[in-house]
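First comes the structure, then the notes that go with it.
The values are calculated or read from the model by the stated rules, or taken from the named source; none is laboratory data. Here the structure is a predicted model, which is why all the values come from computation and not from measurement. Cβ sites come from the backbone with ideal geometry, for glycine too, and all protein chains shown count toward neighbours. When the accessible area is computed, the model is the full protein with side chains, heavy atoms only, and any ligands, DNA or RNA have been set aside. Shrake-Rupley method; radii C 1.70, N 1.55, O 1.52, S 1.80 Å.
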Amino acid sequence: MAATTRAAFGVQHIAKGIGRLSNIVLRKGQGSYVWTDDGHKYLDFTAGIGVVNLGHCHPKVTAAAQSQIGTLVHGQVNIAMHEPMLNLIERLKPVMPDPSLNTFFFWNSGAEAVEAAVKLARMATKKQNIVVMQGSYHGRTFGTMGLTKSKTVYGAGFAPFMPGVLTSPFPYCNQCAIAGADPTMGFENCCNNPIHELKILLKQQTAASDTAAVLIEPILGEGGYVVPPPGFLPAVRQICDENNILLILDEVQSGFGRTGKYFASEHWGVRPDIMIMAKGIANGMPLSGIVANKELMDKQNPGSMGGTYSGNAVACAAGIACAEVMQEEKILDNVAARSKQLFETLFALKASPKTGHLIKDIRGLGLMIGLEFNSPTFPTLVTKDVPQGIASKVQAKCLENDMLSLTTSIYETIRFIPPLTISEEEMKIGCDILTKAVEDVAKEG
Ligand SMILES: Cc1ncc(COP(=O)(O)O)c(C=O)c1O
């Protein structure tokens with residue numbers, strides 16, 4: 001089938017409910033690049049939405065999965081333990097952000113792991129309510145749709161959702177009305193209103209005695225790559241401690257080196273009671289998990305957790321190889337260097353008279369970086385006259401110039417999530433494509 005015919009076949013027969021950045025058909029991936037069925041090569045600044053952290057088809061991870069396929073593919077967790085899972089736990093334990101996190105449950109997708117965390121929190125505390133953050137993304141299953149607050153599209157038409165979910169504001173200083181009205185306030189000097197609102201929520205809407213957990217992405221992902229100001233997560237931890245509420249950190253997107261630390265919570269030294277992992281854990285093999293201390297985890301009744309494919313042996317073998325590559329290739333050092341390189345490009349765009357007027361904010365940690373453009377949709381916060389839909393236009397230009405990138409959030413934001421193994425030269429190519437894309441959009445107006 002010719003490439004165009006094949007794409008049309010996909011459009012016809014793949015569910016429309018899957019929104020797609022493009023209709024290209026991927027055949028191969030290697031390192032920071034993917035190739036289409038007609039041989040076109042793209043630099044991948046999406047890493048499959050932060051999944052192939054070690055690059056497409058990392059040779060060591062591929063070899064581990066291939067070898068495991070010939071040994072044991074499926075060792076069902078409700079029937080027996082299997083070696084790769086035990087070996088994976090051995091590799092993961094030393095990199096946990098806190099030594100108390102020592103007992104694991106593995107599943108397949110991020111959303112399933114989020115649901116597992118909520119099940120654990122409810123069962124362990126015998127309380128029902130879960131507080132989530134405005135702008136949060138936790139998945140698209142029935143349970144997680146009710147927890148996701150980043151865009152209405154994820155829930156519109158599917159209600160009613162899981163009950164017992166309350167929403168509290170996340171500190172998005174760049175879109176904060178208080179900071180907008182007072183130039184002395186902002187990320188460096190947060191008004192702390194979200195902490196105030198969380199305290200009020202616990203007085204007015206959900207009593208601490210009914211609240212099982214606060215569930216937070218340490219850095220909002222689908223909500224806009226928003227890094228909280230330094231005091232936020234420690235203050236939430238304190239509120240949880242004072243009110244006997246569990247803190248669940250969703251590190252599905254921010255984990256496994258993405259932000260320059262193994263887990264994002266390490267930037268603030270905040271210990272989660274339950275941590276959720278997926279994506280980078282196995283570099284593309286479907287694997288997710290939660291971790292907590294043994295006393296908490298073992299409050300669940302035997303048989304209440306599990307699933308046919310939960311903690312698949314091949315995915316666990318890939319996960320072991322990932323943990324080894326993270327150390328052997330000093331991945332965190334590369335993240336630091338490439339992050340600096342990308343930020344320099346973004347700051348140059350902001351400083352440039354050609355493009356500076358388009359840019360509202362540059363933010364992120366490690367290689368989880370967002371570029372927010374000014375938007376006419378939120379006029380009170382706009383500083384200059386700017387065209388509609390800049391982020392999508394820039395993304396389209398990048399695609400025209402052979403680079404995949406993603407937008408994020410309801411605001412005009414592009415996110416950059418390249419593989420953590422990206423080389424200096426590949427990053428330079430990506431930065432040049434991006435610079436040209438923003439300049440072209442600025443020219444076209
Ligand atoms: C923070 C976060 N939590 C949960 C999920 C859901 O993971 P999955 O798509 O594997 O179900 C995602 C996916 O992007 C995510 O970014």
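Along the Cα-to-Cβ line of residue 93, 7 Å from the Cα, sits a label point; which residues in the stretch 317-348 have backbone N less than 16 Å from it?
320
What's the FRET efficiency of residue 35 with residue 203 using the Cβ-Cβ distance as r and R₀ = 41 Å, to the nearest 0.05? Walk me through the numbers on the way to the answer.
Details: r = 56 Å, r/R0 = 1.37.
Efficiency at R0 = 41 Å is approximately 0.15.
Using 0.36 nm times the number of residues separating residue 9 and residue 178, minus their current alpha carbon distance, what extension gain do you get? Intermediate results must be reported in sequence, preceding the final value.
Working: separation 169, 0.36 × 169 = 60.84 nm, distance 5.03 nm.
Full extension of this stretch gives 55.8 nm more.
Net charge near residue 291, counting Lys/Arg +1 and Asp/Glu -1 over other residues with Cβ under 11 Å of its Cβ? The partial results should precede the final answer.
Details: positive: 93, 294; negative: 98, 251, 273.
Summing Lys/Arg as +1 and Asp/Glu as -1 gives -1.
Using 0.36 nm per residue, how much length does the chain from residue 324 to residue 156 gain when fully extended, once their Cα-Cα distance is taken away?
Result for the pair: 56.3 nm of gain on full extension.
Cut-off under 27 Å on the C-alpha distance; same-chain residues fewer than 8 positions from residue 127 excluded. Which lysines are left, in chain and number order?
Filter leaves 119, 149, 199, 203, 294, 299.
If you count only protein heavy atoms with a 1.4 Å probe, what accessible area per residue comes out for the chain, rounded to a whole Å²? All intermediate terms of the calculation are to be shown ahead of the outcome.
Working: 19410 Å² over 445 residues.
With all protein chains present, the chain gives 44 Å² per residue.
5 Å is the cut-off here: which amide hydrogens, built 1.01 Å from N in the peptide plane, fall below it relative to residue 403, excluding neighbours closer than 5 in sequence?
The answer is 43.
With each run of n ≥ 4 DSSP H residues scored as -39500 (n - 2.57), what mean residue ellipticity at 222 nm is computed for the chain after dividing by its residue count and rounding to the nearest 500 deg cm²/dmol?
Details: 14 runs with 158 residues, N = 445.
After summing the helix terms and dividing by the residues of the chain, the value is -11000 deg cm²/dmol.
Roughly how many Å is it from the Cα centre of the stretch 394-418 to that of the stretch 144-169, as a whole number?
If we compute the Cα centre of each part, the gap is 25 Å.
Quantify, in whole percent, the carbon and sulfur part of the accessible surface of the chain (1.4 Å probe; protein heavy atoms only).
Details: 10680 of 19410 Å².
Accessible surface attributable to carbon and sulfur in the chain totals 55 percent.
How much length, in nm to one decimal, is gained on full extension between residue 102 and residue 69, taken as 0.36 nm per residue of separation minus their Cα-Cα distance? Walk me through the intermediate numbers first.
Values: separation 33, 0.36 × 33 = 11.88 nm, distance 2.76 nm.
Length difference between fully extended and current span is 9.1 nm.
With Cβ to Cβ distances under 13 Å as the rule, what net charge do the other residues near residue 144 carry (K, R +1; D, E -1)? Could you put the intermediate results ahead of the total?
Details: positive: 119, 140, 149; negative: 112, 115, 217, 222, 250.
Neighbour charge sum, excluding residue 144 itself: -2.
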